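Asks: Below you will find the structure I want to go over with you.
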2 protein chains.
Amino acid sequence: MQSVSFYEPVMDRLVNVNSSLTEMAERKHPFLAQLLDHTFSTPGKYIRPAITLLASNFYAHDERITEKMATGVELLHIASLIHDDTVDGAALRRGKLTISSLWGPKAAVLAGDYIFAASATLVCDTGNIRVIRRFAETIMELSSGELQEMAETYNPEQSMESYLERIYNKTASLFTTAAESGAILSGAPDACSEALRSYGHNLGMAFQVVDDILDFDGTEEETGKPIGSDLANGVVTLPTLIAMKQKNCCDAVTRALKHPEDSELMQEAVSIIQDDTVLEESYEFAGRYCVKALSDLKGLPPSPSRDSLEELVSHVKVRRS
Amino acid sequence: MQSVSFYEPVMDRLVNVNSSLTEMAERKHPFLAQLLDHTFSTPGKYIRPAITLLASNFYAHDERITEKMATGVELLHIASLIHDDTVDGAALRRGKLTISSLWGPKAAVLAGDYIFAASATLVCDTGNIRVIRRFAETIMELSSGELQEMAETYNPEQSMESYLERIYNKTASLFTTAAESGAILSGAPDACSEALRSYGHNLGMAFQVVDDILDFDGTEEETGKPIGSDLANGVVTLPTLIAMKQKNCCDAVTRALKHPEDSELMQEAVSIIQDDTVLEESYEFAGRYCVKALSDLKGLPPSPSRDSLEELVSHVKVRRS
């Protein structure tokens, strides 16, 4: 776990989440245990479970319940990464070989299914049907967001609405569920749960928009993939949409999407999108979600957890990895 | 839907299940709608949802709830078939091209994820946490059964215990859940739910054992795959275990598993397993589960639904497809 300050109020509880993950591999069929061990031995950044725990910290409650939820949220994220890596044929995740590259796509698909289901059993243990149903809907949204992205690949005629729906499904849905479930399960009043739900939504949207910007504005070390990867893979994101609008349906970008094999054309399109005014407008777009997320927090009781949720917004905004 | 008589008492209700499936494709992103349309346009045999509805028919209750459950059970079965076909590279299912062969493995993995999650939301609508948790556990068991099978491929040193655990996970788990959930959600007393749970377990075990026998004793038209496919793919099932025991650790079978590329050796092994005494002992094994399943039904009130559940046992026993 990283020592970024926004984890501070829930550090002890994230340790419990981490223990629950590593314990999952015990008492299983040896092959499944091996796959789970491999998966949990390199922990992620735990941003999503941290959001659940921070959102639960405004009201005294049975913390074992929200730790189950936080573990479920992280497991859901892990399961979706395993399936993403499998279908994308990714060799590495967090610097380690993926399940798919070590044991083949069959083991990876099944391990992902197992972890999806395991996440749901943990959420069942919260005993809250509203939260359980919302969690299942989140899995539907995640997969439909990925399918949308797949269907719209290499299509220059995409609307901003379609992009926003897609990144909500793909990313912001789980941030929303992470925050809202923490609030609901802590017994927070409806207004507070609604504020935290909205916070999760806006933070998640900002998170994905910044991710999409860094694909053009980051470095290969920061993002772990070559600059312009999204465009090269035909995925149209915010900076591309803004470039096409600013440049009045930019011809080079459209042509690059039609001829992705032409690396010179692709480089030209990437350079157009890397234009200062395009990136500036893109960051402003992300910034508006950050402003909304901060505003969602205003009605909450001042506390270290509220401070952490605020810091998380700044972290997303300036994130370079 | 087939006109086999055991469907009779729940025929109208299975029509509702079928409508719920086809309605799922409406109001979705066009690509997702296309995948769902393709999936639901060729209905399966609906054995599992029929079990849920028949098991629910002993006590008057809100039938919309058990129809939701039955739909969830069928969706879970469909999702697992989509993932199985994807990881096995199967081109056809129910005589139609699979999602994976039409739109590629990425679409198929994501569509399976979506349908798994959709099945869970339907089960959430029953409002019964015990049933919801059991349902999530079933998905864990399904995927861990498939992983077990994968890990034990081409291994002649398998125990009967390991085989039974594997087929419970792979097949009988969902039959168990289908029957038990119908009973619980109809408000049946505990003894009745327990009897139906046990019925589902025994029926599911018989179903898979017969399936494994037909791989050697059926015809290619009946099973839709070449005779001896399981062994050729390294999957050790009951007839193989019995042959190895009867013939005192049969050398030909062990060698065939070590050299699956040697088709002559494989044919020799298949012939040994097709021996009358091996098949007879295998059918007796399945028969004992059928006897137990029938005995589970004895305490239930006599009714057309009980008759149907009895007929289902005979259907599984004599099933040739």
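Asks: Any idea which residue in region A:6-31 is farthest from the other protein chains (Cβ to nearest Cβ), counting only those that are touching a Pro at 6+ places or on another chain (Cβ under 8 Å) and farther than 13 Å from A:Glu67 by Cβ? Reasoning before the result, please.
Replies: To start, the set of residues in region A:6-31 that are touching a Pro at 6+ places or on another chain (Cβ under 8 Å) comprises A:8-9, A:14, A:17-18, A:21.
Remaining after also requiring farther than 13 Å from A:Glu67 by Cβ: A:8-9.
On the way: A:Glu8: 33, A:Pro9: 30 Å.
Step by step, filter region A:6-31, then rank; the result is A:Glu8.
Asks: Determine if region B:47-63 includes at least one residue that is modelled with pLDDT under 95, among the aromatic types (Phe, Trp, Tyr) and out of contact with any strand residue (DSSP E or B) (no Cβ under 6 Å at 6 or more places or on another chain).
Replies: no
Asks: Can you run down the residue pairs with Cβ atoms below 8 Å, 6 or more apart or on separate chains, where the first is in region B:258-281 and assigned to a helix (DSSP H, G or I) and the partner is basic (Lys, Arg)?
Replies: B:Leu265/B:Arg255; B:Ala269/B:Arg255; B:Ile272/B:Lys247
Asks: Hey, another quick one. Scan region A:229-245 and tell me whether some residue there is touching a Leu at 6+ places or on another chain (Cβ under 8 Å), over 30 Å from A:Ser308 (Cβ atoms), buried (at least 17 other Cβ atoms within 10 Å of the Cβ) and among the hydrophobic types (A, V, I, L, M, F, W, C).
Replies: Yes, region A:229-245 contains at least one residue that is touching a Leu at 6+ places or on another chain (Cβ under 8 Å), over 30 Å from A:Ser308 (Cβ atoms), buried (at least 17 other Cβ atoms within 10 Å of the Cβ) and among the hydrophobic types (A, V, I, L, M, F, W, C).
Asks: Every residue in region B:114-152 that is charged (D, E, K, R) and under 19 Å from B:Ser173 (Cα atoms), please. Let's see the steps before the verdict.
Replies: Within region B:114-152, the first condition is being charged (D, E, K, R), and the residues that meet it are B:125, B:130, B:133-134, B:137, B:141, B:146, B:149, B:152.
Of everything in region B:114-152, those that are charged (D, E, K, R) and under 19 Å from B:Ser173 (Cα atoms) turn out to be B:Arg130, B:Arg133, B:Arg134, B:Glu137, B:Glu141, B:Glu146, B:Glu149.
Asks: Name the single residue that is nearest to B:Arg197 (Cα to Cα) among those in region B:144-171 being at the interface with chain A (Cβ under 10 Å from one of its Cβ atoms), within 19 Å of the chain's Cα centre (by Cα) and touching a residue at least 24 places away in the same chain (Cβ under 8 Å).
Replies: B:Asn169
Asks: Still on this structure, please answer the following. Tally time: how many residues in region B:121-140 are assigned to a helix (DSSP H, G or I) and either more than 7 Å from chain A (Cβ to nearest Cβ) or touching an Asp or Glu at 6+ places or on another chain (Cβ under 8 Å) (or both)? Write out each step before concluding.
Replies: Kept after step one, since they are assigned to a helix (DSSP H, G or I), are these residues of region B:121-140: B:121-124, B:129-140.
If we keep only those that are either more than 7 Å from chain A (Cβ to nearest Cβ) or touching an Asp or Glu at 6+ places or on another chain (Cβ under 8 Å) (or both) as well, we get B:121-123, B:130-131, B:133-135, B:138-139.
Residues in region B:121-140 being assigned to a helix (DSSP H, G or I) and either more than 7 Å from chain A (Cβ to nearest Cβ) or touching an Asp or Glu at 6+ places or on another chain (Cβ under 8 Å) (or both): 10 in total.
Asks: Taking region B:39-60 as the region of interest, how many residues are open to solvent by 40 Å² or more (accessible area, probe 1.4 Å) and out of contact with any Pro (no Cβ under 9 Å at 6 or more places or on another chain)?
Replies: First pass over region B:39-60, keeping only residues open to solvent by 40 Å² or more (accessible area, probe 1.4 Å): B:41, B:43, B:45, B:57, B:59-60.
Then drop every residue that is not out of contact with any Pro (no Cβ under 9 Å at 6 or more places or on another chain), which leaves B:41, B:43, B:45, B:60.
Count: 4.
Asks: Moving on. Taking the condition surrounded by 20 or more Cβ atoms within 10 Å (Cβ to Cβ), of a type in the set (A, V, I, L, M, F, W, C), in contact with a Pro (Cβ under 9 Å, 6 or more places away or on another chain) and under 23 Å from A:Lys317 (Cα atoms), does A:Val278 pass?
Replies: Numbers: surrounded by 20 or more Cβ atoms within 10 Å (Cβ to Cβ): yes; of a type in the set (A, V, I, L, M, F, W, C): yes; in contact with a Pro (Cβ under 9 Å, 6 or more places away or on another chain): yes; under 23 Å from A:Lys317 (Cα atoms): yes.
Criteria met by A:Val278.
Asks: Residues being in contact (Cβ under 8 Å) with a residue 24 or more places away in the chain and either part of a loop (DSSP other than H, G, I, E, B) or surrounded by fewer than 22 Cβ atoms within 10 Å (Cβ to Cβ) (or both): count how many of those fall in region A:172-194. Spell out how you get there, then give the answer.
Replies: Taking region A:172-194 and keeping what is in contact (Cβ under 8 Å) with a residue 24 or more places away in the chain, we get A:172-188, A:191-192.
With the extra rule that they be either part of a loop (DSSP other than H, G, I, E, B) or surrounded by fewer than 22 Cβ atoms within 10 Å (Cβ to Cβ) (or both), the set shrinks to A:186-188, A:191-192.
Summing the residues that are in contact (Cβ under 8 Å) with a residue 24 or more places away in the chain and either part of a loop (DSSP other than H, G, I, E, B) or surrounded by fewer than 22 Cβ atoms within 10 Å (Cβ to Cβ) (or both) in region A:172-194 gives 5.
Asks: Sticking with this structure for a sec: Do we find a residue being farther than 30 Å from A:Gly234 by Cβ and in contact with a helix residue (DSSP H, G or I) (Cβ under 7 Å, 6 or more places away or on another chain) anywhere in region A:170-179? Before the answer, list the steps.
Replies: Residues of region A:170-179 that are farther than 30 Å from A:Gly234 by Cβ, as a first pass: A:179.
Narrowing further to those that are in contact with a helix residue (DSSP H, G or I) (Cβ under 7 Å, 6 or more places away or on another chain): A:179.
Within region A:170-179, one or more residues are farther than 30 Å from A:Gly234 by Cβ and in contact with a helix residue (DSSP H, G or I) (Cβ under 7 Å, 6 or more places away or on another chain).
Asks: If you go through region A:92-120 one residue at a time, how many are touching a residue at least 40 places away in the same chain (Cβ under 8 Å) and either of a type in the set (Gly, Ala, Ser) or within 8 Å of chain B (Cβ to nearest Cβ) (or both)?
Replies: Number of matching residues: 8.
Asks: Still on this structure: Conditions first: (1) crowded, with 22+ Cβ neighbours inside 10 Å; (2) modelled with pLDDT under 95. A:Val123 passes all but one, so which condition is the exception?
Replies: It is condition (2) that A:Val123 fails.
Asks: Now a separate question. Within region B:85-116, how many residues are in a helix (DSSP H, G or I) and open to solvent by less than 30 Å² (accessible area, probe 1.4 Å)? Give the steps one after another, and end with the answer.
Replies: Filtering region B:85-116 down to residues in a helix (DSSP H, G or I) leaves B:85-88, B:99-116.
The next check asks that each one be open to solvent by less than 30 Å² (accessible area, probe 1.4 Å); those that pass are B:85-86, B:99-100, B:104, B:107-116.
Here the count works out to 15.
Asks: Looking at A:Val17, A:Val10, which one is open to solvent by less than 20 Å² (accessible area, probe 1.4 Å), under 27 Å from A:Gly299 (Cα atoms), in contact (Cβ under 8 Å) with a residue 24 or more places away in the chain and more than 17 Å from the chain's Cα centre (by Cα)? Working first, answer last.
Replies: Numbers: A:Val17 fails: under 27 Å from A:Gly299 (Cα atoms).
Checking each option against the conditions leaves just A:Val10.
Asks: I want to confirm something. Restricting to region B:32-52 and keeping residues that are free of Cβ contacts under 8 Å to residues at least 40 places away in the same chain and within 13 Å of chain A (Cβ to nearest Cβ), which single residue is farthest from B:Gly72 (Cα to Cα)?
Replies: Step by step, filter region B:32-52, then rank; the result is B:Gln34.
The values are calculated or read from the model by the stated rules, or taken from the named source; none is laboratory data. Bear in mind that the values here come from a model prediction, so they are computed numbers and not experimental data. Glycine also receives a Cβ, built like all others from the backbone with ideal geometry; neighbour counts cover every protein chain displayed. Only protein heavy atoms, including side chains, enter the accessible area calculation; ligands, DNA and RNA are left aside. Shrake-Rupley method; radii C 1.70, N 1.55, O 1.52, S 1.80 Å.
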